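Heads up, the thing below is written out as structure tokens.
The values are calculated or read from the model by the stated rules, or taken from the named source; none is laboratory data. Nothing here was measured: the structure is a model prediction, and the numbers come from that model. With ideal geometry, Cβ positions are generated from the backbone for all residues, glycine too; neighbour counts draw on all protein chains shown. Accessible surface areas use protein heavy atoms only, side chains included; no ligands, DNA or RNA. Shrake-Rupley method; radii C 1.70, N 1.55, O 1.52, S 1.80 Å.
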Amino acid sequence: MATEAQLAAERHGVFLTTVTRLYNWGRRSSVYPLSFGLACCAIEMMATGMARVDLARFGAEMFRASPRQADLMIVAGTVTKKMAPQVVRLYNQMPEPRYVISMGACATSGGPFRDGYNVLRGIDLLIPVDVYVPGCPPRPEALLHGLMTLQAQIDAQRLDAVRWYSDREARDHPVPSLGRHGLELDGQTIDPVGGLPLLSPLTSPHAEEQRSGQLEHPQEIRLFPIMDDTVARETPWRARGVAREIAADDLKRGGAHE
Amino acid sequence: MSDQPAAVRLTAALPAAWRDAARLEAHAADLPAVARFVRDRLGYAMLTNLTAVDDLARGEIEVVYHVVSPAGGAPLAFRARTPRAAARLPSLVACWPGAELQEREAYDLFGVTFDGHPDLRRIYLWDDFVGHPMRRDFPRQGDKYIAGAGEE
Ligand code: SF4
């Protein structure tokens, strides 16, 4: 019945829709990304914006130079520990509604550098992520699919339910600092240099940006031997954090020196 | 090896400077003299690379200096070792200004102190950080190392 009335109205040049659908249509068709790239993934992000795959078909070609004008942060690449505070700061400066696509293995989990000393082990430790795009690097088509997934998520939002049209205020995400053993939040080490993240990742805004509460390898979380003597009680090499292959065959020179 | 002539001249000119002449490993104290000879007499005016190797089994850190000559010819590499417990070498910034940033890098990541360096600060990691992450006994307890935790 409603559809028939709608069709009848459309024959007279009157188009009916719901406010939510109109709003979502407007927002999903103009998701402007923030123009910043962090590592090799950014090259694929640039390729996505170029003519061949053409992000403009989805209304997201306007890479904005200022976070104040951007709707979407594509975290494209390796977030080093030194860069992490700046990424959070940029995110805090974006007006709501704001979305985050974590592009590539590095942004999602630290990727190939996860066991290194210098890389944040997943941007979702600090800011909530809407869409994860796996790959190293993801092809432009994969990023495109990530954007389409985001658009589907936007379509499903209801104006009376989303936080940013209600009277609940947006909160700034705390900016980490660089401490003695790695990244710190409020004086607590959250991502040590050498080790595992000591914080659970944030869920997406749809789930109200809670921490998931799930640490990775909770039984194995340890800090440095100087901070945790359970490590020192193991074998001497392990106590010093040396992998067995390194202890047995120094630098693969063809024989142990011991 | 193609750099044989330069290496032979170097070892012959400074016979007392070597801990292991065959691999051009100089005594730490003689490093400035070796560097001056390499630069002024052999013509290696440019230090392209300064790297460090952590030899955990011997308890030493080896610093390797790669130099090239703008006039052409084979590059040369010489080295020096220092105990890892108190890693300390004379700085070569006075000889090659390009050593400044590279010595800071070796100091940051390996903890080698370069005596006479004009501005020895961390270069990649932040000043407050404790430890030298490229040392081989720097605690590495990521996923890769957890996999074998039940063995041994
Ligand atoms: S995921 Fe791969 S391609 Fe992307 S930034 Fe990391 S290393 Fe580079």
Quiz item: Do we find a residue being open to solvent by less than 30 Å² (accessible area, probe 1.4 Å), within 21 Å of A:VAL100 (Cβ to Cβ) and outside any helix (DSSP H, G or I) anywhere in the range A:16-28?
Solution: no
Practice problem: State yes or no: is A:SER177 in contact with a strand residue (DSSP E or B) (Cβ under 7 Å, 6 or more places away or on another chain) and more than 16 Å from the ligand (Cβ to nearest atom)? | Solution: yes
Quiz item: Only one of these conditions is not met by A:THR80: (1) within 16 Å of the ligand (Cβ to nearest atom); (2) closer than 21 Å to A:VAL131 by Cβ. Which number is it?
Solution: (2)
Quiz item: A:MET73 versus (1) away from the ligand (no atom under 16 Å from the Cβ); (2) outside any helix (DSSP H, G or I); (3) open to solvent by less than 10 Å² (accessible area, probe 1.4 Å); (4) touching a Lys or Arg at 6+ places or on another chain (Cβ under 9 Å): which is the lone unmet condition?
Solution: (1)
Quiz item: Right, A:THR108: more than 16 Å from the ligand (Cβ to nearest atom), modelled with pLDDT of 90 or more and polar (S, T, N, Q) or not?
Solution: no
Exercise. Report yes if some residue within the range A:68-89 is under 14 Å from A:ILE154 (Cα atoms), at pLDDT 90 or above and of a type in the set (S, T, N, Q); otherwise report no.
Key: no
Quiz item: Pairs, please: C-beta under 8 Å, at least 6 apart or cross-chain, first residue under 24 Å from B:GLY131 (Cα atoms) and in the range A:95-117, second more than 13 Å from the ligand (Cβ to nearest atom) and of a type in the set (Phe, Trp, Tyr)?
Solution: A:ASP115/B:TYR145; A:TYR117/B:PHE138
Quiz prompt | Matching residues, the range A:119-143, being over 25 Å from A:GLU184 (Cβ atoms) and either more than 16 Å from the ligand (Cβ to nearest atom) or basic (Lys, Arg) (or both) | solution = A:ASP130, A:ARG139
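What are the residues in the range B:94-119 that are in a loop (DSSP other than H, G, I, E, B) and crowded, with 19+ Cβ neighbours inside 10 Å, if any? Before the answer, list the steps.
Of the range B:94-119, the ones in a loop (DSSP other than H, G, I, E, B) are B:94-98, B:111-112, B:116-119.
Passing the criteria: B:CYS95, B:TRP96, B:GLY111, B:VAL112, B:HIS117.
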Quiz item: Quick one: which of A:ARG121, A:ARG139 is open to solvent by less than 10 Å² (accessible area, probe 1.4 Å), at pLDDT 85 or above and of a type in the set (D, E, K, R)?
Solution: A:ARG121
Practice problem: From (1) within 14 Å of chain B (Cβ to nearest Cβ); (2) within 16 Å of the ligand (Cβ to nearest atom); (3) free of Cβ contacts under 8 Å to residues at least 24 places away in the same chain, pick out the condition that doesn't hold for A:MET46. | Solution: (1)
Quiz item: Which condition number does A:TYR91 fail, the rest of (1) under 12 Å from the mean Cα position of the chain (by Cα); (2) within 12 Å of the ligand (Cβ to nearest atom); (3) part of a helix (DSSP H, G or I) being met?
Solution: (2)
Quiz item: From the list A:GLY116, A:GLY146, which residue is crowded, with 16+ Cβ neighbours inside 10 Å, more than 14 Å from the chain's Cα centre (by Cα) and either part of a loop (DSSP other than H, G, I, E, B) or within 16 Å of the ligand (Cβ to nearest atom) (or both)?
Solution: A:GLY116
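How many residues are among the small types (Gly, Ala, Ser) and under 18 Å from B:GLY116 (Cβ atoms) if we restrict to the range B:18-59?
Of the residues in the range B:18-59, 6 are among the small types (Gly, Ala, Ser) and under 18 Å from B:GLY116 (Cβ atoms).
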Practice problem: Sort through A:PRO197, A:PRO201 and tell me the only one that's within 14 Å of chain B (Cβ to nearest Cβ) and surrounded by 15 or more Cβ atoms within 10 Å (Cβ to Cβ). | Solution: A:PRO197
Self-check item: Within the range B:35-93, tally of residues that are basic (Lys, Arg), modelled with pLDDT of 90 or more and open to solvent by less than 40 Å² (accessible area, probe 1.4 Å)
Solution: 1
